[in-house]
Amino acid sequence: MGYGSGELIIRSYNAQNDRVRVEGLESICEVGPADKPFLFTDTLGDPICRIKNSPIYNMLVAELGGQLVGVIQGTIKLVTLHKPPKNVAKVGYILGLRVAPAYRRHGIGSRLVTKLEEWFVACDVDYTYMATEKDNEASYKLFVNKLGYVKFRTPAILVNPVNHHRSSQISSNFKLTKLKIEEAESLYRKYLSSTEFFPIDIGNILRNKLSLGTWVSYPKGETWGKVPTSWAMLSVWNSGELFKLRLGNVPISCFMYTKSSQLIQKFLPCFKLPSIPDFFNPFGFYFIYGVYGEGPLYGKLVKSLCNFVHNMASSRPKDCKVIVTEIGGNDTRSKLHIPHRKSMSCSEDLWCIKSLKNEDRKSVHKLTTVPPTRALFVDPREV
């Protein structure tokens, strides 16, 4: 395809030569549909920050006429995936696709995806997948209509703003315990190793410095040494250490409301009005992952754990302004009890998948038709 400004060159990212240019591209590329409020990503001087904690990763850049006009990132890992005849698959995850606004609709995005898929094939990847907003028409057309991806799962993204002026209540009927890393790994392997997209290297995730810990909650009067009648668990990842987000394309009325709510909360706390965080300046967030539990009190126990995470975040205003959780689309039990602001959340994120091996192409249909497991493990390294 001719691009008018010379030959399109796609190559691996070189930190020394490309870092500043990639940061410049990120600063002008919004994340999400352009006709709605969108997010800008601040990588804090490290363009590969979102992938460098993964077992295997790569970043490609596109150059045209000496200008850097596009980037894409990919990671590779082993996960549990219900597919015959084995239960484990090597999957490649696509993220961070950006094309400079002036160069869109010229096939650069599809060329970047195709080149990344070639790298996946060279690494013997079984399936590649990506995530996008369900109403992101441009992304859907590119991956599904043009590149052969199919809809796979629709997780729910739950977002809860952090109120730095008020603590969340934790029931005195429950006990919270922080697990040792070895205990958390054993628990995840016991209860979640058969769920979709459970990473085989869960121990590396739990030992990463960005993982703040794993906590369990159970009724007082019972002991953790003997499995309680009801229990819940979750882990927390500090994404704000890697990159920051900033909101754009927001109506002035929303901006004024945010500022006024913060002033009321600061000077008139007796009114007990909810304060909206300042999303117009760069902000970080905590990501809750590995949510699971059992028993009749599971919902209340999950809520107590989420309230604990909120209180932990509220003591660190520079690190965290929102708490994000992503759960399986059919995990209604968790969704009912995880605190979240409906207006800020996404009831259906869209995951799409594609087989990279001829022998597995028929199994993609089976993967998309088999009912999903209730729990869906979302790797915090890919957020």
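None of the figures in this text is laboratory data; all of them are computed from the coordinates on show. Bear in mind the structure is a predicted one, so any value in this text is a computation, not a measurement. Positions of Cβ are generated from backbone atoms using ideal geometry, with glycine treated the same way; all protein chains shown enter the neighbour counts.
Key figures for this structure:
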| item | result |
| --- | --- |
| Shape of the stretch 8-154, Cα gyration tensor, a/c cut at 1.5 | prolate |
| Rounded, prolate or oblate (a/c below 1.5 giving rounded, otherwise prolate when a/b exceeds b/c) for the stretch 104-208 by Cα gyration tensor | oblate |
| Label-to-label distance, nm, for residues given as Q67 and R246 (7 Å Cα→Cβ offset) | 2.2 |
| Stretch gain in nm, segment E7-E137, where the contour uses 0.36 nm per residue and the Cα spacing is subtracted | 44.0 nm |
| Extension gain (nm, one decimal) between T332 and Q169, 0.36 nm per residue minus Cα-Cα | 56.4 nm |
| V227 versus A122: modelled label distance in nm, points set 7 Å from Cα along the beta carbon direction | 4.6 |
| Segment I56-A102, length gained on full extension (0.36 nm per residue, minus Cα span) | 13.4 nm |
| Inter-label distance, nm, simple model (7 Å from Cα along the C-beta direction), R189/K342 | 4.2 |
